[in-house]
Amino acid sequence: MIILRTPTFIAAVSILLSLTGCNEHVIYHSYRHVPEQGWNSRDTFTFDIDTVRTAATYQFALGLRSTDSYPYTVIWLAVEREFSHPDTLHRDTVKCQLMDSVTHRMGKGIYMYQYDVPLPPMTLHRGQTGQVRIIHLMQREVLPGIHDVGVLISR
């Protein structure tokens with residue numbers, strides 16, 4: 001039988017919890033899974049953003065997770081960021097470089113590669129709600145190898 005000393009146990013749990021705490025500057029972080037058969041050009045990934053609590057300039061980033069079955073070195077995306085009260089719409093065309101010219105994956109990972117692509121910052125006002133919509137702009141109708149698409153918003 002193992003006897004834990006209460007002060008030591010509490011200290012260990014406190015340290016563990018402090019290391020796994022949330023980032024207070026992140027106001028939204030979510031991913032959508034791409035269907036196993038691939039990302040269809042008619043599929044729009046939509047992220048609903050709840051009420052903004054603090055007026056500030058926010059940093060936006062697009063997240064992609066891909067596998068070796070993605071056949072291209074880049075992916076072109078259209079990103080719409082729409083917020084209400086006051087109405088604000090930003091449209092961006094984003095080039096995500098996934099491999100260098102020697103087909104070396106530029107993302108982090110071994111089987112699944114993570115890519116984080118910054119978008120232009122955007123000033124949001126207290127009380128605004130919004131949506132971020134993402135579609136791919138590639139000529140191929142169904143893209144294999146893209147596993148997840150995500151959005152990160154932080155101050």
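Of note:
- Residues of the stretch 69-92 that turn out to be under 18 Å from His136 (Cβ atoms), part of a loop (DSSP other than H, G, I, E, B) and among the acidic types (Asp, Glu), as a count: 0
- Output for the stretch 16-35, where each listed residue is more than 25 Å from Thr51 (Cα to Cα) and modelled with pLDDT of 55 or more: Val34, Pro35
- Qualifying residue in the stretch 65-79 (condition: at pLDDT 95 or above and crowded, with 18+ Cβ neighbours inside 10 Å): yes
- Checked against (1) touching a Leu at 6+ places or on another chain (Cβ under 8 Å); (2) within 16 Å of His147 (Cα to Cα), Ser69 passes all but condition (1).
- Every residue from the stretch 93-121 that is aliphatic (A, V, I, L, M), farther than 20 Å from Leu137 by Cα and modelled with pLDDT of 95 or more: none
The values are calculated or read from the model by the stated rules, or taken from the named source; none is laboratory data. Small disclaimer: the values here were computed from a predicted structure and weren't measured. Heads up, the Cβs are rebuilt from the backbone with ideal geometry, glycines too, and the neighbour counts pull from every protein chain shown.
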